[in-house]
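Note sheet for the following structure.
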Amino acid sequence: MGVISKLIPVLAKRKAKTIAEILSNPIGLTDAKLMSILDSHSHTVFGKDHDFASIKTPEEFSERVPLYDYTSMKPYWEQMHASPESPIVTADPTIWYVQSSGTSGRPKALPISKAGLADYSAASMLFLMSFINAKRGNNRVFDGTMITFAAPARLGELNGVPVGYMTGISREMVANALLRKLIKPGEDVFNMTDIGQKLWAYAKYGVQENVSSLAGITTLAISFIRKMQNEYGPSLLEEFKGTKHEQRIRDALNDDGTMDLEVLWPNLIMIGATGIDADPYKPWLKETLPKATLWDNYAGSEGIYGTTLLKHTDNGIQLLPQVNYFEFIPENEIHKEDPKVIPLSDVKKGHRYEIVLTNMMGYTRYRIGDMLTFIDTDPFSVHRIGRKGRVVNLAGEKLTDAHVNEGISAACRKTSAQLLDYTVVGSINGSKAHYTISAMFQNAVELAEFARAFDDAVSANNGEFKHSLEFGALSPTVALRMETSHTENIIVSSHIQAKSLPLTAEISEGG
C-alpha cells in the first residue's frame, strides 16, 4: 500500500464530519450559505441593483429578487466581459470563463471567481472522500492510476481572461496539490479535441498503467470502455508488440478480438460519473468491470450541485447545501411567466422540479435549465436529472427524458441487456405515431422484448403514454440495433464535451 493511500483515509475521516452535517442539517446550511453570499456580494453592481444589504431572510430574498436565466443575466455578463476586474456580480475578479457544453443552445462564456472556485474545489473533494469512507479498502484507489477524462482548460481568451471547459478548469485549478498530481494522463491528452485521437491516446496510456479509477466526462469514459472492450484490442497488441506490455494485452485479449477488461485492469474499483443519467449503463458496467462502483456526481458550468455521499449508490445523488442555496419550481409551473418557487424544505419525495441556484460563482436565483426528481428528502437526494424542454408530444403523452431514462433502465433490468449507447426518437409518419429505440448492446437481446419492457415501464410512470398506447394513438415502440455510436457522432459534429441525446423527435408528412 502506498503512502498516499495510507494518508487519504485520515483526510477522509475529517471530511466525514462535514458529510454528516450536510446530511443532518441541510436547511440550516443552505440558509446560512445564502446569507453569506448576499453579504459577500452586497457591494457588487448586481448586489446594489437588488439591495442585497437589506435582505435579512431567505423569504425576503425570494420575494424581492427576480428569477434569472442566461438571457436576463446577459447584460451583467457583458459588463464582466468588458471589465473582469470590476465587482459586477461577484466581489472578487473574474479569473476564468467556462465555455458551457451548449446543451441548451450555443456555447456561452460563463464567469468564474476565485471564491466560487474555492467552493467548487471543496465540494469536489467530497466526491472522493465519500467514496473512501463508503467501503473498507476503497483507499486503494490511490494505489493505482486515476484516469481522468477532461476537456481543454484553455480554448482562448476574452479580454485577457482564459476561456475553457469546466472539466479542464477544475483540474488545472484544483487547490489540493496532492490530488493535482494524481490527475492523469496529462495536458497533451486533455487538450485533444478530436474524439478518435483522444480515445486512442487514452487507450495507449491505459494499457501501460495499473488503472484504479475512471472519472470525468462520462460520455467519453463510456465510449472509452466500449472501445477498449470491443475495438482496440488487436490494434493495441500491434502497437505494443515486442514491449513489456505485450503479454498483459495478450492475457486480456479474447479469441474474438474483444478484451477482458477485468483481466487488463484487475484493480479498477471506481467509475466516476457526471453529466448524464448513467443508470441504463449500470448492468453492462457491472458485468464488464465487476469490482468497480459507479460513483455519481452532479455538476455543471455554473458549479457543483451534488454528489454521492451515502454508501448505497441506489439512493441517488445528495445535494450540497453548504455551497449552494437551492430553490425549486414544480414541474407544472415551469412554463408559467411567474412560476411558483419553493425552498428546499418544501420539496416532496417523488416529485419533479426545475432547479434554481444561488452560489458564490455569482449565479443568483438562476435557472440552469435542469430538471430533477427527488428520490428522497431525508437526506435530500435526487435522480433522473435531465434538461428542461426535452419533451416529445406525439399524441398527448408528453414524454420526457426522465421517462425515457426510467424506461430504458427498466428494460435493461427486465431483459438483462448490457447497454452501450442509445437514443429514442419519436416519429409521426402520416397518421402513425410511435417511438423508436436505437440501441447498441454488448450482449444478445431480443429487441421486441426490450421494446415491450420499455413501453411497460414508461406506462407505469406516464398515464397519458399508457392511454395513448391502449387507444391506438401511439403504436407500440420499436427497437433497432445501433450500428455506430450516436453519442460519438454528436461529439464529432459539435465538441468534445457534448452530451448524449436520450430523446428527440422527427416528424414526417409522408404516409
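The values are calculated or read from the model by the stated rules, or taken from the named source; none is laboratory data. Predicted model only: the values in this text are computed from it and were never measured. Note that we place each Cβ from the backbone using ideal geometry, even for glycine, and neighbour counts take in every protein chain shown.
Suppose we filter Val211, Val263, Val174 for residues that are β-branched (Val, Ile, Thr), modelled with pLDDT of 95 or more and under 26 Å from the mean Cα position of the chain (by Cα); which single one remains? First the steps, then the outcome.
Values: Val263 fails: under 26 Å from the mean Cα position of the chain (by Cα); Val174 fails: modelled with pLDDT of 95 or more.
Result of the check over Val211, Val263, Val174: Val211.
Being over 11 Å from Ala505 (Cβ atoms) and at pLDDT 95 or above is the filter; apply it to region 424-438 and report the residue that is surrounded by the most Cβ atoms within 10 Å (Cβ to Cβ).
Within region 424-438, the first condition is being over 11 Å from Ala505 (Cβ atoms), and the residues that meet it are 429-432, 434, 437-438.
When the remaining residues are screened for being at pLDDT 95 or above, the result is 437-438.
Working: Ile437: 23, Ser438: 16.
Across region 424-438, the extreme among qualifying residues is Ile437.
Which one is surrounded by the fewest Cβ atoms within 10 Å (Cβ to Cβ) among residues in region 365-398 that are of a type in the set (Gly, Ala, Ser) and closer than 19 Å to Pro343 by Cα?
Gly369
Quickly run through region 294-333 and pick out the residues that are assigned to a loop (DSSP other than H, G, I, E, B) and either within 16 Å of Thr274 (Cβ to Cβ) or modelled with pLDDT under 95 (or both).
Of all residues in region 294-333, those assigned to a loop (DSSP other than H, G, I, E, B) come to 301-302, 308-312, 316, 320-323.
Selection gives Ser301, Glu302, Thr308, Leu309, Leu310, Lys311, His312, Gly316, Leu320, Val323.
Of the conditions (1) modelled with pLDDT under 95; (2) of a type outside the set (Lys, Arg); (3) farther than 30 Å from Lys108 by Cα, Met228 satisfies every one except a single condition; which number is it?
Of the numbered conditions (1) modelled with pLDDT under 95; (2) of a type outside the set (Lys, Arg); (3) farther than 30 Å from Lys108 by Cα, the odd one out for Met228 is (1).
Identify, from the list Lys204, Lys244, Lys227, Lys198, the residue that is more than 28 Å from Lys499 (Cα to Cα) and of a type in the set (Lys, Arg). Talk me through it step by step, then tell me what you get.
Numbers: Lys204 fails: more than 28 Å from Lys499 (Cα to Cα); Lys227 fails: more than 28 Å from Lys499 (Cα to Cα); Lys198 fails: more than 28 Å from Lys499 (Cα to Cα).
Going through Lys204, Lys244, Lys227, Lys198 in turn, the sole match is Lys244.
Within the group Ile147, Ile132, Ile88, which residue is among the β-branched types (Val, Ile, Thr), crowded, with 19+ Cβ neighbours inside 10 Å and in contact with a strand residue (DSSP E or B) (Cβ under 7 Å, 6 or more places away or on another chain)?
Ile147
Checking the conditions here, which among Pro339, Pro283, Pro343 is touching a residue at least 12 places away in the same chain (Cβ under 8 Å) and either farther than 30 Å from Leu38 by Cβ or among the basic types (Lys, Arg) (or both)?
Only one candidate passes the filter, namely Pro283.
Read through the list (1) surrounded by 21 or more Cβ atoms within 10 Å (Cβ to Cβ); (2) over 19 Å from Val161 (Cα atoms), then give the number of the only condition that Glu63 fails.
Failing condition for Glu63: (1).
Yes or no: Asp421 at pLDDT below 95, closer than 23 Å to Tyr281 by Cβ and charged (D, E, K, R)?
No: the conditions fail for Asp421.
For Thr364, are the conditions met, namely being polar (S, T, N, Q), touching a Phe, Trp or Tyr at 6+ places or on another chain (Cβ under 9 Å) and more than 22 Å from Gly116 (Cβ to Cβ)?
Answer is no for this residue.
For region 364-390, what are the residues that are more than 19 Å from the chain's Cα centre (by Cα) and among the aromatic types (Phe, Trp, Tyr)?
None - no residue of region 364-390 is more than 19 Å from the chain's Cα centre (by Cα) and among the aromatic types (Phe, Trp, Tyr), so the list stays empty.
What about Asp39, is it farther than 26 Å from Ser301 by Cβ and at pLDDT 95 or above? Write out each step before concluding.
Working: farther than 26 Å from Ser301 by Cβ: no; at pLDDT 95 or above: yes.
So Asp39 does not fit the description; no.
Give me the residue from region 240-265 that is of a type in the set (Gly, Ala, Ser) and surrounded by fewer than 17 Cβ atoms within 10 Å (Cβ to Cβ) and, out of that set, nearest to Leu289 (Cα to Cα). Break it down stepwise before answering.
Taking region 240-265 as the starting set, the residues that turn out to be of a type in the set (Gly, Ala, Ser) are 242, 252, 257.
In the following step, the residues that additionally are surrounded by fewer than 17 Cβ atoms within 10 Å (Cβ to Cβ) were identified as 242, 257.
Working: Gly242: 28, Gly257: 18 Å.
The residue in question is Gly257.
Can you confirm whether Asp456 is under 22 Å from Leu220 (Cα atoms) and among the charged types (D, E, K, R)?
no
Which of the residues that make up region 266-285 are among the polar types (S, T, N, Q) and either under 19 Å from the mean Cα position of the chain (by Cα) or buried (at least 24 other Cβ atoms within 10 Å of the Cβ) (or both)?
Thr274 - this is the single residue of region 266-285 that is among the polar types (S, T, N, Q) and either under 19 Å from the mean Cα position of the chain (by Cα) or buried (at least 24 other Cβ atoms within 10 Å of the Cβ) (or both).
Give the residues of region 266-293 that are within 18 Å of Gln497 (Cα to Cα), of a type outside the set (Ser, Thr, Tyr) and modelled with pLDDT under 95, sorted by residue number.
To start, the set of residues in region 266-293 that are within 18 Å of Gln497 (Cα to Cα) comprises 271-278.
Now narrow it down to the ones that are of a type outside the set (Ser, Thr, Tyr): 271-273, 275-278.
Of everything in region 266-293, those that are within 18 Å of Gln497 (Cα to Cα), of a type outside the set (Ser, Thr, Tyr) and modelled with pLDDT under 95 turn out to be Gly272, Ala273, Gly275, Ile276, Asp277, Ala278.
Report, by residue number, each residue of region 334-378 that is under 25 Å from Tyr281 (Cα atoms) and part of a loop (DSSP other than H, G, I, E, B).
Lys349, Gly350, His351
Looking only at region 459-485, filter to residues that are of a type outside the set (A, V, I, L, M, F, W, C) and surrounded by 18 or more Cβ atoms within 10 Å (Cβ to Cβ); which one of those is nearest to Ala150 (Cα to Cα)?
Only one residue tops the list, namely Ser485.
Of Lys6, Lys13, Lys17, Lys74, which residue is under 30 Å from Ser500 (Cα atoms), at pLDDT below 95 and out of contact with any Pro (no Cβ under 9 Å at 6 or more places or on another chain)?
Testing whether each residue is under 30 Å from Ser500 (Cα atoms), at pLDDT below 95 and out of contact with any Pro (no Cβ under 9 Å at 6 or more places or on another chain) leaves just Lys74.
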